[in-house]
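To start, the structure itself, in structure tokens.
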Amino acid sequence: MEILRSREAVRRWTAAHHAAGRTVALVPTMGFLHRAHTDLMRAAADHADVVIASIFVNPTQFGPDEDFDRYPRDESGDLEKAKAAGCAAAFLPSVAEMYPPNPSTRVTVATLSTHLCGASRPVFFDGICTIVAKLFHIVGCDVAVFGEKDFQQLAIIRRMVRDLDFPVRIVGHPLVREPDGLTMSSRNAYLSPAQRRDALTLSKALAEADARFRAGERDADTLRALLRGRLEAVGSIAVDYAELVDAETLQPVLGAIDRPTLAAVAVDLGGTRLIDNTVLGRDRPG
């Protein structure tokens with residue numbers, strides 16, 4: 001696996017593969033890799049001839065009081081995992097490599113980014129779109145793979161690619177859970193054993209809402225109240241949102257559910273932000 005740290009090195013790498021007739025898939029990450037990340041990398045190999053992972057903790061998606069400085073990092077471990085997952089290259093740029101001094105350009109996807117996570121993290125999706133747009137330009141990939149754990153992010157990236165005519169095919173990959181049901185996340189490392197037990201409330205509440213939906217419940221307000229009630233019953237959890245939204249437009253679903261609907265939750269648990277989601281009634285992989 002090649003380790004690349006400059007934009008020029010990545011462009012040369014991609015150009016060489018394209019010249020040889022090979023397609024390139026990109027898996028963007030912020031590092032501290034776990035099985036959900038490596039699953040994305042293995043899945044990317046099904047969609048292109050070679051896979052490159054980017055490992056970059058992007059400062060522009062963090063607000064002033066968020067966890068950029070303490071976000072977990074493990075470069076040597078990340079490189080071992082990316083290599084074992086079959087990546088042909090890893091791109092590990094510095095902040096100075098990715099951003100010029102005093103940058104003044106940001107990419108915004110209106111409407112999709114103003115609610116759910118965007119309501120409480122107003123800079124988050126602009127930072128995501130800006131760094132992903134830069135990565136697409138630098139890497140020149142044919143395919144990019146993103147996890148459905150960040151369902152809103154995936155929808156926003158799809159819209160950005162559509163609106164700005166990026167020649168990149170976006171592939172979504174189902175979220176990955178721990179054996180106990182907790183969604184895999186780098187931020188899980190922040191949780192104490194007691195907090196981790198409380199964090200299971202998210203997946204349990206979503207599973208209960210999905211079971212009620214499968215049993216015939218179609219009133220969005222009823223399921224929304226169920227989600228919020230289960231979360232608020234745990235004293236350590238501060239609820240950011242517990243929502244039912246259209247799985248494509250991400251707009252709130254009101255009244256009867258008659259289209260694919262995303263149940264999504266976000267909470268603060270001891271200073272750690274956790275998110276989880278499920279598409280109601282959708283068959284799960286495996």
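The values are calculated or read from the model by the stated rules, or taken from the named source; none is laboratory data. Because the structure is a prediction, the values reported are computed rather than measured. All Cβ positions, even for glycine, are placed from backbone atoms using ideal geometry, and neighbour counts span all protein chains on display.
Couple of notes before you dig in:
- Strands (runs of 3 or more DSSP E) contained in segment 73-176 and holding at least 2 residues touching an Asp or Glu at 6+ places or on another chain (Cβ under 7 Å): 169-173
- Within segment 37-70, being buried (at least 18 other Cβ atoms within 10 Å of the Cβ) and touching a strand residue (DSSP E or B) at 6+ places or on another chain (Cβ under 6 Å) holds for His37, Leu40, Met41, Ala43, Ala44, Ala48, Val50, Val51, Ile52, Ala53, Ser54, Ile55.
- Filtered by the rule that a residue be without any contact (Cβ under 8 Å) to a residue 12 or more places away in the chain and of a type outside the set (Val, Ile, Thr), segment 104-151 gives Ser104, Ala110, His137.
- Of Arg12, Arg22, all but one fail to be within 21 Å of Val145 (Cβ to Cβ) and surrounded by fewer than 16 Cβ atoms within 10 Å (Cβ to Cβ); the exception is Arg22.
- Residue check for Leu274: of a type outside the set (Val, Ile, Thr) and over 18 Å from the mean Cα position of the chain (by Cα): no
- Breaking point among (1) touching a residue at least 24 places away in the same chain (Cβ under 8 Å); (2) more than 17 Å from the chain's Cα centre (by Cα); (3) not assigned by TED's automatic domain parsing to the domain that holds Ser104, for Phe166: (3)
- Total residues in segment 177-189, condition part of a loop (DSSP other than H, G, I, E, B) and buried (at least 18 other Cβ atoms within 10 Å of the Cβ): 2
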